[in-house]
Amino acid sequence: MSNMIEFLQKMPKAELHIHIEGSLEPDLMFKIARRNGIRLSFASVEEVKAAYRFDNLQSFLDIYYDAASVLQTEQDFYDMTWAYLQHCQEQNVLHTELFFDPQTHTNRGIEFEFIINGIGRAMNDGKQTLGISSLLIMCFLRHLSAESALNTLNQAIPFKEFIIGVGLDSSEIPHPPEKFQGVFERALEEGFLTVAHAGEEGSPNYIWQALNLLKVKRIDHGVRCIEDPILMQKLVDEQIPLTVCPLSNIKLGVFEKMADHNILTLLKHGLKVTVNSDDPAYFCGYVNENFFVLHRELGLNRQQAIQLARNSFEASFLVAQEKQRLIDQLEKYIQVSV
Ligand code: ADE
Ligand code: ZN
C-alpha cells in the first residue's frame, strides 16, 4: 500500500451522504430474500453485479428500488445498517449521517415503525460497540407527490427524536425543489433540519431553489453549481457544504470520467466540499475508495485530503462540542503521521 493510500485509509472522517438502502450488498440481498421467501429476478450475486451498469440516474434508480423490496422485517433493516456501520469502522469513519427513503417501503405495506426501529437499533449498537456516532435523515422521493411526502412527514412525527432532518432524493428532473416547498415549511416548523439533492443532473436553478425555498443547510451533490458564478460565490461566502459523491457521479454519467470531475476545482475555489459514497453497494466503493480514486486520478494530495476530512466534521449536524472532539482526533492523527 502506498503511503498516501494508507494515510487516506486511516484518516478520521465523517460520511454525510449515504443512502442506507444503497449499502445493501448483493450477498446480503440474497440472504434476506431467501429468509423472506422472495424470488429475485437475478440467479446469482454475479448476475446482480453484472446488471449494475447504468446510463444515468433513472436507470440506477429502477434497479435500486427493485432490490430494496427484499427488505421486510425490522431485522432486515437492522442487518443492512449494521453491515454498513462495520464498513465505517474498517474505514475510520467516526461519524455518519444516513439517508433512508421510507416511501420505498411504506408504499409496499411495511410499517414505518419497523424501518425506524431496525435502523435505529443498529445505529445504537454502532455507538455502543463500535464507537461510531450516527444521525438519521429522512428523504422524500421527489418523483412522488408533495401530498405523499406530507403524509410521510406526518408518519415521522412520533419518531422525531430519532430523525435529525429531512431531505429530497430520487429522479431530480423534472421534479424541482419548489414542488416540495410546503412540505419543507412544515418540516422546518417541526424542528427538522433540511437538505436536498440538487445540481446532480438538475441545473443550478435547482440549487437556488433548494437554498431559497427549502432553506437547506447542505446541498447533496451540487456539482453543477460550477455553471453559475453568482451561486458559486454565495456557496463560498456562506460556506454552504456540498456532499459530493465522485464514484457515483461517474457511474451515473454526471461526468464522463474521473479526470473530468470538478471536486478539486470546487475545493480550490473555497467551497466546503466533502467526499461521500452515495450508494456504496452499487458504485464500487465506500468512502475510502472515493478518496483513493481522487488520489489516483485527480492527484488529491495530503493537504486537500485533510481539508476534505475537516470539512466532513464541520459540515455535520453534530453539536459544536462533538464536532470539535472529532476534529481534535483528526488533528492528532495528522501530527502523528507526519
Ligand atoms: N437515491 C439514491 N441515490 C441517489 C442519487 N444519487 N440521486 C438521487 N436519488 C438517489
Ligand atoms: Zn444521494
On the basis of being of a type in the set (V, I, T), surrounded by 14 or more Cβ atoms within 10 Å (Cβ to Cβ) and assigned to a loop (DSSP other than H, G, I, E, B), does V48 make the cut? no
In the stretch 164-186, the residues that are within 20 Å of the chain's Cα centre (by Cα) and either within 12 Å of ligand 1 (Cβ to nearest atom) or more than 28 Å from D66 (Cβ to Cβ) (or both): I164, G167, L168, D169, S170, S171, E172, I173, H175, F184
From L71, L141, L130, L94, grab the single residue that is within 30 Å of K257 (Cβ to Cβ) and in contact (Cβ under 8 Å) with a residue 40 or more places away in the chain. L141
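Can you find, within the stretch 23-45, the residue that is surrounded by the fewest Cβ atoms within 10 Å (Cβ to Cβ) among those that are in a helix (DSSP H, G or I) and within 16 Å of ligand 1 (Cβ to nearest atom)?
M29
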I'm trying to understand the selection: among the residues of the stretch 255-311, which are at positive phi and more than 16 Å from ligand 1 (Cβ to nearest atom)? G270, G299
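Residues checked against (1) surrounded by fewer than 22 Cβ atoms within 10 Å (Cβ to Cβ); (2) of a type in the set (A, V, I, L, M, F, W, C); (3) modelled with pLDDT under 95:
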| site | (1), (2), (3) |
| --- | --- |
| V236 | yes, yes, no |
| Q239 | yes, no, no |
| L242 | no, yes, no |
| P246 | no, no, no |
| V254 | yes, yes, no |
| M258 | yes, yes, no |
| L264 | yes, yes, no |
| L267 | yes, yes, no |
| T274 | no, no, no |
Is at least one residue of the stretch 43-63 at pLDDT below 95 and more than 30 Å from E201 (Cα to Cα)? yes
Scan the stretch 264-287 and report the pairs whose first residue is in a loop (DSSP other than H, G, I, E, B) and whose second residue is basic (K, R), with Cβ atoms within less than 7 Å and a gap of 6+ or a chain change. F283/K251
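Kindly check whether there is at least one residue in the stretch 155-163 that is acidic (D, E), part of a helix (DSSP H, G or I), more than 22 Å from the chain's Cα centre (by Cα) and away from ligand 2 (no atom under 16 Å from the Cβ). Full working, then the answer.
So the first thing to find is which residues in the stretch 155-163 are acidic (D, E), and the list is 161.
Narrowing further to those that are part of a helix (DSSP H, G or I): 161.
With more than 22 Å from the chain's Cα centre (by Cα) added as a condition, the list becomes none.
Looking through the stretch 155-163, none of the residues is acidic (D, E), part of a helix (DSSP H, G or I), more than 22 Å from the chain's Cα centre (by Cα) and away from ligand 2 (no atom under 16 Å from the Cβ).
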Could you identify the single residue in E256, E331, E297, E322 that is part of a loop (DSSP other than H, G, I, E, B), over 19 Å from the mean Cα position of the chain (by Cα) and among the charged types (D, E, K, R)? E256
Residues that are touching a His at 6+ places or on another chain (Cβ under 9 Å), of a type in the set (A, V, I, L, M, F, W, C), buried (at least 22 other Cβ atoms within 10 Å of the Cβ) and over 19 Å from S133 (Cβ atoms): does the stretch 286-295 have at least one? yes
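Evaluate the following for A149: is it touching a Leu at 6+ places or on another chain (Cβ under 9 Å), part of a strand (DSSP E or B), within 16 Å of ligand 1 (Cβ to nearest atom) and hydrophobic (A, V, I, L, M, F, W, C)? First the steps, then the outcome.
Working: touching a Leu at 6+ places or on another chain (Cβ under 9 Å): yes; part of a strand (DSSP E or B): no; within 16 Å of ligand 1 (Cβ to nearest atom): yes; hydrophobic (A, V, I, L, M, F, W, C): yes.
So A149 does not fit the description; no.
The values are calculated or read from the model by the stated rules, or taken from the named source; none is laboratory data. Here the structure is a predicted model, which means the values were calculated and not measured. Heads up, the Cβs are rebuilt from the backbone with ideal geometry, glycines too, and the neighbour counts pull from every protein chain shown.
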